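*Asks:* Structure provided below as structure tokens; questions to follow.
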Amino acid sequence: MTSPTATPDHLPPAHPEPATPGPVDRPGSRAARMRSPLARQVVEAVAVDHGVCVRPLAMRRTSLDTGETQIIPVPCGATLASKCPPCAERSRRLRMAQCKTGWHLDDEPLPDPDPPSTDAKALAVLRADLEEARGEVLAAGDAGQVTEIDQMIGQVDQELSDLGVRGRIAPVDRDRPRRVRSTRRRQDAPDLPRLPVERRTVGRTFTAPDGTVWRPSMFLTLTCDTYGRVRSDGTPVDPATYDYRRAARDAIHFPKLLDRFWQNLRRAVGWDVQYFAALEPQRRLAPHLHAAIRGTIPRTMLRLVAAATYHQVWWPATDRPVYDNQTLPTWDDTTGGYHDPGTGEPLPSWDAAVDAIGEDDEPAHVVRFGPQLRADGVTANSANTGRMIGYLTKYLTKSLDACHAVHSDRQRAHVNRLADALRYEPCSPTCANWLRYGIQPRNPRKGLAPGRCTGKAHRRETLGFGGRRVLVSRRWSGKTLTDHRHDRVDFIRQQLAALGATGSGPAAPDTDPGRLAWTLLRPGDPAAPRREHLILHAIAQRHTWRAQLDTGAGLGGSSATGPPLSDAA
Ligand SMILES: [Zn+2]
Ligand SMILES: [Zn+2]
């Protein structure tokens, strides 16, 4: 049984504390009435106890064979416990399974691609001839023929894709990116060893004198730089000198730094290092990364790569605002851009502003890792593995600002100051905050206001980190999250089939997913049941399944580790 780790504010705790004897409220008083739980809360608490989604969606399932339709509650799939504790716990467990699968693999998780077929090669030759012909008619200035050849190229590409060839022979867009960085700005060549990267992703083994073969892996923690001394509660010793601006910028650009770290690491060690990483805040609210790495890498090498890795942000400077909130640039419908409120001149476009960065200018920001780096060896199936996976996924059901409880005014002030710093920091080229610095954001539209950008990085619950919380390299387990989910459904299906049970959910043994059509019922749909009825239905269904599985566990000695998944395919 899944036991949710957190309960949102609007729900009573799943297992309430026994009431402490206190002053007895007068029966019928407001206080006495407020003590009685709302019926809705009771249903939601039962749903949480049973691992049933508290915000289900209604989906109509139509059998393509019989035309029979049925309305089925489908879990909301939230990853945060503040939205739906059972769904958040379920997705955390899925991540744990994903992490475990890839950590100590003996073999490469993904097969090499099949060699190209004769048909595919013939099409590629035809494609080359078309490219040649296109060049000739283009030189002759025959626009009509170019269009014709482009259409044929499109057909060949489609046929290749029908043959199961992934990707394209050549990019559709023929324009080269016009901005070329000088070598001084190239940052893919830090002072590190550079080896050709083998296709290998599994780590090496070590054989002990007694013949035991060990396949060790690693657990790595990377942190952001320091922004000023902090106390044990994570708040700065001197808030006035703590560098909130750099903390904000580092958080926004941290994902880019991580990408570069893995890239540098692979080149430095010469094999295709794979990782399962989770991002969470330290107590001082700076992001740090926990990563399970497959295989071992010497600590000195990890330190070397972390110290040499940096990411330069080549954005226009934002150290001084050009406009304050009273004199903001105004939108002009005719030009489709923003203009200076005083002179009426259009603001420089994003591209123009980036092009204006000179050869001798410094990058707007440089992100680096902090000096703290931890790396530990982990062997397969040791007690440590489970503990480490728990540690890696511990905070996944919480928003970043809720990972550490804020108790004191000092901590609250620290969160507020960081949130203030994040408010006007541009999060991306399209960010509304560029207006404050006299630059049109990329793809400008009406109604943009600095400080009101809707980018995730500005939200308090992300603490500047608007990216994904779990970062998994492609060849970690060789499976997508959907593959892992299907593994679970298959497992349950086998269990139910072995018991001769005929469930009615998508995990039912006799359900062919290909013969079912699913449509989401919109909230206004008259056929959509009320949310409460959906939850009650799901609880009853779960109750039946659990009873079936429990009987099976008693008889056959097997037990299911998770509930039947009712995700719509
Ligand atoms: Zn849910
Ligand atoms: Zn933004």
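The values are calculated or read from the model by the stated rules, or taken from the named source; none is laboratory data. Nothing here was measured: the structure is a model prediction, and the numbers come from that model. Quick reminder, even Gly has a Cβ in these numbers, built from the backbone with ideal geometry, and neighbours come from all protein chains shown.
*Asks:* Just for the stretch 55-93: of the residues that are of a type in the set (Val, Ile, Thr) and either in a loop (DSSP other than H, G, I, E, B) or within 16 Å of ligand 1 (Cβ to nearest atom) (or both), which one is modelled with the highest pLDDT?
*Replies:* My answer is THR79.
*Asks:* When the residues of the stretch 58-100 are filtered to those that are without any contact (Cβ under 8 Å) to a residue 24 or more places away in the chain and over 25 Å from the mean Cα position of the chain (by Cα), which remaining residue is surrounded by the most Cβ atoms within 10 Å (Cβ to Cβ)?
*Replies:* Within the stretch 58-100, the match that is surrounded by the most Cβ atoms within 10 Å (Cβ to Cβ) is THR69.
*Asks:* Looking at the stretch 245-257, can you tell me whether even one residue there is assigned to a strand (DSSP E or B) and surrounded by 18 or more Cβ atoms within 10 Å (Cβ to Cβ)?
*Replies:* The answer is no; no qualifying residue exists.
*Asks:* If I filter the stretch 50-60 for residues that are farther than 29 Å from ARG469 by Cβ and away from ligand 2 (no atom under 16 Å from the Cβ), do I get at least one hit?
*Replies:* To start, the set of residues in the stretch 50-60 that are farther than 29 Å from ARG469 by Cβ comprises 60.
Retained after the next criterion (residues that are away from ligand 2 (no atom under 16 Å from the Cβ)): 60.
Taking every residue of the stretch 50-60 in turn, at least one turns out to be farther than 29 Å from ARG469 by Cβ and away from ligand 2 (no atom under 16 Å from the Cβ).
*Asks:* Here's a follow-up. Does the stretch 437-450 hold any residues that are under 18 Å from TRP315 (Cα atoms) and within 11 Å of ligand 2 (Cβ to nearest atom), and which are they?
*Replies:* PRO441, PRO450
*Asks:* Determine if the stretch 371-394 includes at least one residue that is assigned to a loop (DSSP other than H, G, I, E, B) and more than 30 Å from SER91 (Cβ to Cβ).
*Replies:* For the stretch 371-394, residues assigned to a loop (DSSP other than H, G, I, E, B) and more than 30 Å from SER91 (Cβ to Cβ): absent.
*Asks:* Scan ALA353, ALA413 and give me the residue that is farther than 30 Å from PRO216 by Cα and either within 16 Å of ligand 1 (Cβ to nearest atom) or in contact with a Pro (Cβ under 6 Å, 6 or more places away or on another chain) (or both). Before you say what the answer is, go through the steps one by one.
*Replies:* Values: ALA413 fails: either within 16 Å of ligand 1 (Cβ to nearest atom) or in contact with a Pro (Cβ under 6 Å, 6 or more places away or on another chain) (or both).
Exactly one residue qualifies, and that residue is ALA353.
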